[in-house]
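Chemist: Dropping a structure here in structure tokens format, bear with me for questions.
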Amino acid sequence: MDNCSDYHSSQKISGLHPVYGILSILGIIGNGIVYRVIRQQKGSNAQSAEIFITSLAVADMLTGLFAIAVPDFVIPYKYYHYPSIGLPVFCAMVSSQYFIFYFGFISLYTIAAISFERWCAIAVPSSYRCLFQAHRTKRYVMIIWLVGLIFPIDNIFKHVLVNKDGCGRCRWTVMFNNDSIERIVFLNLELIRIFLPTILIVFFYSDIARRIWSINSHFQNRDTFCIKITVMAFFAAFVFLLCWIPNELYFTLVIFKVTKMDSVIHRTTKSMIILNSCLNPIIYMSANSKYRKCFRQWLLGHNRITFVAPKMAA
């Protein structure tokens, strides 16, 4: 226990610490299995969808790891041992939940990229093979991970080291003393990192649904693998938004002072974020028989997974 600590976890949220812990561990294990299954598939490197899903699995694994590292998520404040060196950096990068949101935002943009990839596979198959060759898809993923570094930039400036009575502690503050400027900056960031990719996801999957279920659809006699991947990606996107939007909307209401911050509500919405990392592996396995087959082979201890992913419909 840190004797310098002058604040402790609320009794109201003490029951959420084991919940965070269980969800974090399940997310790490589940996505670790997904990562290994996909990486061991022969020919998986040639499939753009698998490259994107691998990126999602890595982001979800890291979300679980950093959820354990963030003070008062898994480990209550009063039991958390703060680093003696580099505390300002720790406050800005770890305690601020920067990485939790970083991995979340890149997951959202990756899901948006998948929705565009699925749309191209169905709407413009003639351009699909060119746009989503393996080396290009890997570049798209790299760009998302690099650009995503700036999305939670406000967390860095809002969580700073404060010295009080000889003790250094991480404290939440504001970026600007002017409430109007604070709200404008926050709203613009939310538009870029949340609402823009959400709109793209809704648009692409709506158009995909229209094309697939059209009366004169020419997809009826096509290889169903393309459709199965699309359905799986849609459910992953739906669950992500279902888990993330409540936290974003609630915090937006707090910023605009429509409601007051409530620790129980806030931490409950945060637990939904961690929950999302656990649900994705279940979606991958339940929505796609090919992945289930690979997973069973992996569990049985086969040295090499023999499934060769079929070519995407073009």
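Chemist: With an 8 Å Cα cut-off and a minimum separation of 6 or more residues, compute the relative contact order for the range 11-299 in percent. Walk me through the intermediate numbers first.
Modeler: Values: 319 pairs, mean separation 76.7, N = 289.
In percent, rounded to a whole number, it is 27.
Chemist: Sticking with this structure for a sec: For a label point 7 Å from the Cα of Ile199 along Cα→C-beta, name the residues of the range 98-141 whose backbone N is under 19 Å from it.
Modeler: What the label zone holds, given the 19 Å backbone N cut-off, is 105-106, 108-117.
Chemist: So between Arg171 and His135, what do we pick up on full extension, going 0.36 nm a residue minus the alpha carbon distance?
Modeler: Details: separation 36, 0.36 × 36 = 12.96 nm, distance 4.30 nm.
In short, 8.7 nm is gained.
Chemist: May I pose another question? Order of Thr173, Thr54 from fewest to most other C-beta atoms within 10 Å?
Modeler: By the 10 Å Cβ count, ascending: Thr173, Thr54.
Chemist: How many nm is it between the label spots at Ser263 and Phe157, if each spot is 7 Å from the Cα in line with the beta carbon?
Modeler: Here the modelled spin labels are 2.9 nm apart.
Chemist: Within the range 11-299, how many Lys pairs that are eight or more residues apart, or on different chains, come under 29 Å at the alpha-carbon?
Modeler: Summing the qualifying lysine pairs gives 27.
Chemist: Roughly how many Å is it from the Cα centre of the range 171-215 to that of the range 60-120, as a whole number?
Modeler: 19 Å
Chemist: Determine the gain in length on full extension of the stretch Val254-Arg36; use 0.36 nm per residue of separation and subtract their C-alpha separation, reporting nm with one decimal.
Modeler: Length gained, Val254 through Arg36: 74.4 nm.
Chemist: How do Ser95, Ser126 rank when sorted from fewest to most other Cβ atoms within 10 Å of their own Cβ?
Modeler: Final ranking by Cβ density, sparse to dense: Ser126, Ser95.
Chemist: Using Cβ counts within 10 Å as a stand-in for footprinting exposure, how do Leu26, Leu187 rank, fewest first?
Modeler: Leu187, Leu26
Taken together, the values in this text are just the output of simple stated rules run on the coordinates, not laboratory data. Just so it is clear, the model here is predicted, and its values are computed rather than measured. Quick reminder, even Gly has a Cβ in these numbers, built from the backbone with ideal geometry, and neighbours come from all protein chains shown.
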